[in-house]
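The values are calculated or read from the model by the stated rules, or taken from the named source; none is laboratory data. The shown structure was predicted, so the numbers you read here are calculated from the model rather than taken from an experiment. Ideal geometry is used to build each Cβ from the backbone, glycine not excepted, and the neighbour counts take in all protein chains shown.
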Amino acid sequence: MINSEQVPRSTVPFGPQHPVLPEPIHIKLILEDEKIVEAIPAIGYVHRGLEKLTEKKDMYKSIFILERICGICSFMHALCYCQGLENLMEIDVPERAKYLRVIWGELHRTHSHLLWLGLFADAFGFESLFYECWKIREKILDIMEATSGARVIISTNTIGGTRRDINSDMLEHIKKTTYEIEEALAYIDKVFFDDNTVLVRTKGVGVLSKKDAYLLGAVGPTGRGSGLPQDLRTTNYAAYGDLDFEPIYETDGDCYARCKVRIRELYQSQKLLRQAIDQMPEGEYAVKVTQKPEGEVVSRVEQPRGECMYYIRGNGTDILERVRVRTPTFANIPALVHMLPGHQLCDLPVLVLSIDPCISCTER
Amino acid sequence: MIDNLNEIALDELKNSISNMNYRKYRLVTMSCVDNKDGSFDLFYHFDKESKLVTVKTKVTKEDEIPSITDLYFCAFLVENEIKELFGLNIVDIAIDYGGKMYLTADSSEAPMTYGANITIERRDIGYDK
């Protein structure tokens with residue numbers, strides 16, 4: 001019998017280029033046979049210095065820079081930044097703009113989660129499921145194109161409200177689409193919840209306990225899959241305070257639980273969209289901003305992947321002194337590193353995908 | 001205008017962070033700002049039940065700043081980031097990338113500091129030719 005001390009260790013680089021990774025991250029794996037015993041992450045392949053760039057542009061141009069931190073949650077980046085500056089300059093945003101922000105925010109959450117579900121299915125080799133998820137996502141992208149003129153980076157936020165309104169016909173169309181999405185989801189969620197292929201690859205894999213998730217600073221569905229009911233929408237930013245909302249969480253802490261949280265959040269987003277459309281008041285959707293930001297502020301929103309935080313410091317001019325961005329994947333990498341040891345190398349793609357990594361966000 | 005901001009001296013930092021850890025606060029992240037007078041503001045942002053608490057300390061490049069990764073392991077990425085991009089001397093980080101997490105050997109030093117030699121230029125990538 002060979003004891004663990006006699007098993008030779010080998011080092012295997014995972015990434016930065018790997019078929020399962022849409023973006024580059026490198027994980028140095030120390031293996032005993034096929035078992036992972038240690039994992040050290042390395043980032044830095046797509047660092048663009050966008051925080052530095054905001055120190056060279058005026059605060060309005062910076063919105064377009066910050067939206068490009070990440071395509072998938074671009075609206076949320078702009079929202080977090082604009083909300084922070086509005087708080088700093090004590091600007092009262094029109095009620096209609098707050099509801100419009102919820103609508104575009106939940107549309108972004110829906111398309112992000114559907115994109116992730118597709119990639120997750122692809123990670124365990126279920127390609128037809130990947131196509132089904134992305135087919136549903138197209139409906140959201142069509143709405144974003146119809147309401148903003150762009151399919152992913154929609155640029156509808158501005159300081160003081162939104163740059164566009166949505167008319168009543170389009171709101172009715174969005175509402176109708178939410179029912180179609182629920183119907184389509186009911187067709188695929190059975191596969192994610194009950195199919196043996198999915199269960200074998202996700203149940204009991206990558207378990208992160210509630211205590212570890214908290215200590216390691218896990219956020220979003222990664223934390224909520226481990227039983228942490230933390231969701232910044234409970235802080236009532238935008239119009240969330242007027243809507244019926246409870247954080248969704250699961251307690252198993254494995255890849256299956258994280259997947260389940262995201263699917264349940266998809267249903268929840270459709271309900272939030274309908275509530276926001278029904279309750280949205282008429283009126284202005286932006287106010288003119290004459291103030292200049294002076295002082296410092298911290299702003300937080302709940303992105304599809306979890307908590308996003310902006311620290312902003314202004315000096316009374318149009319150009320900000322500092323914009324610091326902490327994105328959810330940056331917070332979830334320590335949790336990923338913690339959950340890898342003890343698993344087989346073949347589980348790695350599913351484990352990495354389970355935190356919904358966004359490396360463009362992480363590196364900025 | 002940061003809510004729940006506690007300003008402390010650098011020598012009180014470790015005690016203060018230990019206290020947050022004991023009180024079961026989650027570390028959200030750290031932020032660093034160059035004050036353009038040779039000093040830097042270092043912020044430690046914590047959360048408990050969606051309430052944000054921030055600990056702030058003022059440091060210089062010469063100060064030896066203790067790592068908090070023994071209390072919050074998850075701080076290793078952000079500590080490396082600040083060490084590298086601002087040139088601060090953070091010591092005893094659990095996983096220390098030695099200044100090469102983002103930067104390469106030919107990168108300028110501490111590019112996020114005021115007056116760093118950073119050029120932003122528009123490049124002709126030749127797609128239209």
Worksheet item: When the residues of the stretch A:200-241 are filtered to those that are surrounded by fewer than 18 Cβ atoms within 10 Å (Cβ to Cβ) and among the basic types (K, R), which remaining residue is nearest to A:C255 (Cα to Cα)?
Response: A:K203
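For (1) closer than 24 Å to A:H108 by Cα; (2) among the basic types (K, R); (3) touching a Pro at 6+ places or on another chain (Cβ under 7 Å), each residue gets a yes or a no:
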| residue | (1), (2), (3) |
| --- | --- |
| A:F245 | yes, no, no |
| A:C255 | yes, no, no |
| A:R258 | yes, yes, yes |
| A:I263 | yes, no, no |
| A:Y267 | yes, no, no |
| A:E282 | yes, no, no |
| A:V289 | no, no, no |
| A:E302 | yes, no, no |
| A:M339 | no, no, no |
Worksheet entry | Enumeration of residues in the stretch A:232-255 that are assigned to a helix (DSSP H, G or I) and either under 23 Å from A:S354 (Cβ atoms) or of a type in the set (S, T, N, Q) (or both) | A:L232, A:R233, A:T234, A:T235, A:C255
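Quick one: which of B:K24, B:K58 is more than 10 Å from chain A (Cβ to nearest Cβ), among the basic types (K, R) and in contact (Cβ under 8 Å) with a residue 12 or more places away in the chain?
B:K58
Residue check: is A:T290 away from chain B (no Cβ under 14 Å), over 17 Å from A:P247 (Cα atoms) and polar (S, T, N, Q)?
Numbers: away from chain B (no Cβ under 14 Å): yes; over 17 Å from A:P247 (Cα atoms): yes; polar (S, T, N, Q): yes.
It is true that A:T290 is away from chain B (no Cβ under 14 Å), over 17 Å from A:P247 (Cα atoms) and polar (S, T, N, Q).
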Item to complete: Look through the stretch B:61-90, keep the residues that are away from every other protein chain (no Cβ under 11 Å) and among the acidic types (D, E), and return whichever of them is surrounded by the most Cβ atoms within 10 Å (Cβ to Cβ).
Response: B:E79
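Going by the conditions given, is B:Y102 within 11 Å of chain A (Cβ to nearest Cβ) and either within 26 Å of A:D212 (Cβ to Cβ) or part of a strand (DSSP E or B) (or both)?
Details: within 11 Å of chain A (Cβ to nearest Cβ): yes; either within 26 Å of A:D212 (Cβ to Cβ) or part of a strand (DSSP E or B) (or both): no.
Here the answer is no, as B:Y102 does not meet what is asked.
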Practice prompt. Run A:Q83 past the list (1) within 14 Å of chain B (Cβ to nearest Cβ); (2) outside any helix (DSSP H, G or I); (3) of a type in the set (S, T, N, Q) and report the number of the one that doesn't hold.
Written response: (2)
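Per-residue answers, yes or no, for (1) among the basic types (K, R); (2) in contact with a His (Cβ under 7 Å, 6 or more places away or on another chain); (3) surrounded by fewer than 24 Cβ atoms within 10 Å (Cβ to Cβ):
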| position | (1), (2), (3) |
| --- | --- |
| A:E294 | no, no, yes |
| A:P304 | no, yes, no |
| A:E307 | no, no, no |
| A:I312 | no, no, no |
| A:R322 | yes, no, yes |
| A:T329 | no, no, no |
| A:P349 | no, no, yes |
| A:I355 | no, no, no |
Discussion item. Any residue at all in the stretch A:222-243 that's touching a residue at least 12 places away in the same chain (Cβ under 8 Å), in contact with a Gly (Cβ under 6 Å, 6 or more places away or on another chain) and of a type in the set (V, I, T)?
Written reply: no
Worksheet item: Assuming A:T362 fulfils every condition listed in (1) touching a strand residue (DSSP E or B) at 6+ places or on another chain (Cβ under 9 Å); (2) surrounded by 19 or more Cβ atoms within 10 Å (Cβ to Cβ) apart from one, which condition is it?
Response: (1)
Worksheet item: For residues in the stretch A:249-262 being surrounded by 19 or more Cβ atoms within 10 Å (Cβ to Cβ), at negative phi and not hydroxyl-bearing (S, T, Y), which is nearest to the chain's Cα centre (by Cα)?
Response: A:R262
Worksheet item: Do the conditions hold for B:L52, that is, is it within 19 Å of A:D231 (Cβ to Cβ), at the interface with chain A (Cβ under 8 Å from one of its Cβ atoms), touching a helix residue (DSSP H, G or I) at 6+ places or on another chain (Cβ under 7 Å) and not polar (S, T, N, Q)?
Response: no
Worksheet item: Are there any pairs, at least 6 apart or on different chains, whose C-beta atoms fall under 8 Å, with the first in the stretch B:30-43 and within 11 Å of chain A (Cβ to nearest Cβ) and the second basic (K, R) and in a loop (DSSP other than H, G, I, E, B), and if so, which?
Response: B:F40/B:K61
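Taking the stated definitions as given, is B:I8 more than 13 Å from chain A (Cβ to nearest Cβ), surrounded by 22 or more Cβ atoms within 10 Å (Cβ to Cβ) and in contact (Cβ under 8 Å) with a residue 12 or more places away in the chain?
no
Inspect all residues belonging to the stretch B:94-112 and state whether any of them is under 20 Å from B:K36 (Cβ atoms), touching a residue at least 60 places away in the same chain (Cβ under 8 Å) and surrounded by 14 or more Cβ atoms within 10 Å (Cβ to Cβ).
Keep residues of the stretch B:94-112 that are under 20 Å from B:K36 (Cβ atoms), which gives B:108-112.
If we keep only those that are touching a residue at least 60 places away in the same chain (Cβ under 8 Å) as well, we get B:112.
Still in the running and surrounded by 14 or more Cβ atoms within 10 Å (Cβ to Cβ): B:112.
For the stretch B:94-112, residues under 20 Å from B:K36 (Cβ atoms), touching a residue at least 60 places away in the same chain (Cβ under 8 Å) and surrounded by 14 or more Cβ atoms within 10 Å (Cβ to Cβ): present.
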Item to complete: Could you tell me whether the stretch A:53-60 includes any residue that is surrounded by 24 or more Cβ atoms within 10 Å (Cβ to Cβ) and not in a helix (DSSP H, G or I)?
Response: no
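Counting residues that are within 14 Å of chain B (Cβ to nearest Cβ) and in contact with a Lys or Arg (Cβ under 8 Å, 6 or more places away or on another chain), which helices (runs of 4 or more DSSP H) fully inside the stretch A:304-363 reach at least 1?
Values: elements: A:328-339, A:348-354, A:359-363.
Those helices (runs of 4 or more DSSP H) span A:328-339, A:359-363.
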Item to complete: Would you check if B:I118 is in a loop (DSSP other than H, G, I, E, B), facing chain A (nearest Cβ under 8 Å) and either more than 30 Å from A:A39 (Cα to Cα) or modelled with pLDDT of 90 or more (or both)?
Response: yes
Response to the item:
Scanning the stretch A:200-232 for residues that are in contact with a Phe, Trp or Tyr (Cβ under 7 Å, 6 or more places away or on another chain) and within 22 Å of A:L345 (Cβ to Cβ), the one nearest to the other protein chains (Cβ to nearest Cβ) turns out to be A:T202
Discussion item. If a residue counts only when it is without any contact (Cβ under 8 Å) to a residue 40 or more places away in the chain and aromatic (F, W, Y), which helices (runs of 4 or more DSSP H) contained entirely in the stretch A:100-212 have at least 2 such residues?
Written reply: A:127-148
Discussion item. Tell me the residue from B:K36, B:K56 that is in contact with a Phe, Trp or Tyr (Cβ under 8 Å, 6 or more places away or on another chain) and either surrounded by fewer than 15 Cβ atoms within 10 Å (Cβ to Cβ) or at positive phi (or both), please.
Written reply: B:K36
